Amino acid sequence: MTPQVLGELVRSVGSVPPHATQDAVGYPSLFLLVVLGSLVPVVPTGALVSSAAVVALHRAAPLSMLTVFVVAASAAFVGDAVLYWLGSRGAGSRGGSRWLSRLRDRVSPDRLERARERLDQHGVAVLVVSRLVPAGRIPVMLACLLGGMPVRRFLRGDLLACLAWAAAYQLIGVLGGSLFPEPWEGVVAAVGLALLVSTAPALWQRVRGGGRRAEPG
């Protein structure tokens with residue numbers, strides 16, 4: 001599914017169709033896919049933003065770069081807001097909710113405890129960092145939900161987090177796109193770099209965990 005999604009995005013925001021058609025299709029597609037990726041972890045949202053930034057870079061249009069940033073940050077914020085609201089509906093009830101249960105299933109007790117500790121020590125500032133750290137968003141969001149953080153307070157911190165996240169992955173796209181003359185080459189480089197950034201910490205943790213289990217007692 002991921003290659004097809006990326007392919008559709010590249011084709012929709014590529015340089016082949018006229019710019020008017022490109023903008024009318026590409027930006028709404030980017031918005032919807034990032035919102036979907038914020039709710040359900042099946043879409044590589046960071047790679048999508050980086051890919052769109054590559055296309056905007058090769059168009060040499062500063063307004064397109066700004067539009068990609070605004071669309072990505074807004075979509076991430078909307079997705080987080082909806083997910084937090086859905087989770088908060090079950091946080092205060094005895095039976096919880098389906099969305100809250102799904103969040104719990106995605107976070108180990110150790111990671112949840114670490115997120116709670118950081119939240120107690122640094123407050124809302126942890127939200128900004130959690131968006132930039134791979135796999136850091138959901139543990140902190142769950143800690144906020146279980147700690148009873150009001151929706152408005154969460155959204156204030158999450159707005160800064162989404163702006164920083166969009167800027168970071170757009171920068172990855174610019175770096176990847178500037179290395180190659182053709183947009184599709186830059187897209188491939190940007191997607192690879194974005195996926196590496198998002199998955200490397202988890203892979204490192206698995207390698208370290210496997211090494212510790214293999215050591216004799």
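The values are calculated or read from the model by the stated rules, or taken from the named source; none is laboratory data. As the structure is a prediction and not an experimental result, all values here were calculated from the model. All Cβ positions, glycine included, derive from the backbone under ideal geometry; neighbour counts span all protein chains shown. Side chains are part of the model used for accessible areas, which takes the heavy atoms of the whole protein and leaves out ligands, DNA and RNA. Shrake-Rupley method; radii C 1.70, N 1.55, O 1.52, S 1.80 Å.
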Problem set entry | Probe 1.4 Å - accessible area at ASP110, Å² to nearest ten | 110 Å²
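With a ≥ b ≥ c the root eigenvalues of the C-alpha gyration tensor of region 40-79, is it rounded (a/c under 1.5), prolate (a/b larger than b/c) or oblate?
Details: a/c = 5.09, a/b = 1.66, b/c = 3.07.
Oblate shape, in that a/c is at least 1.5 and b/c is the bigger or equal ratio.
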Seminar exercise, completed: Residues other than LEU127 with Cβ under 11 Å of its Cβ, Lys/Arg counted +1 and Asp/Glu -1, net out at +3
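Which of the peptides 120-129, 140-149 is most tightly packed, and how do the rest follow, judged by the mean count of other Cβ atoms within 10 Å per residue? Display every interim value, and only then the final one.
On the way: 120-129: 15.9, 140-149: 20.6.
By packing density, highest mean first, the sequence is 140-149, 120-129.
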Seminar exercise, completed: Treating every alpha carbon of region 69-167 as one equal point scatterer without solvent, the Debye formula yields log10 I(q)/I(0) values at q = 0.17, 0.18, 0.25 Å⁻¹ of -0.69, -0.78, -1.44
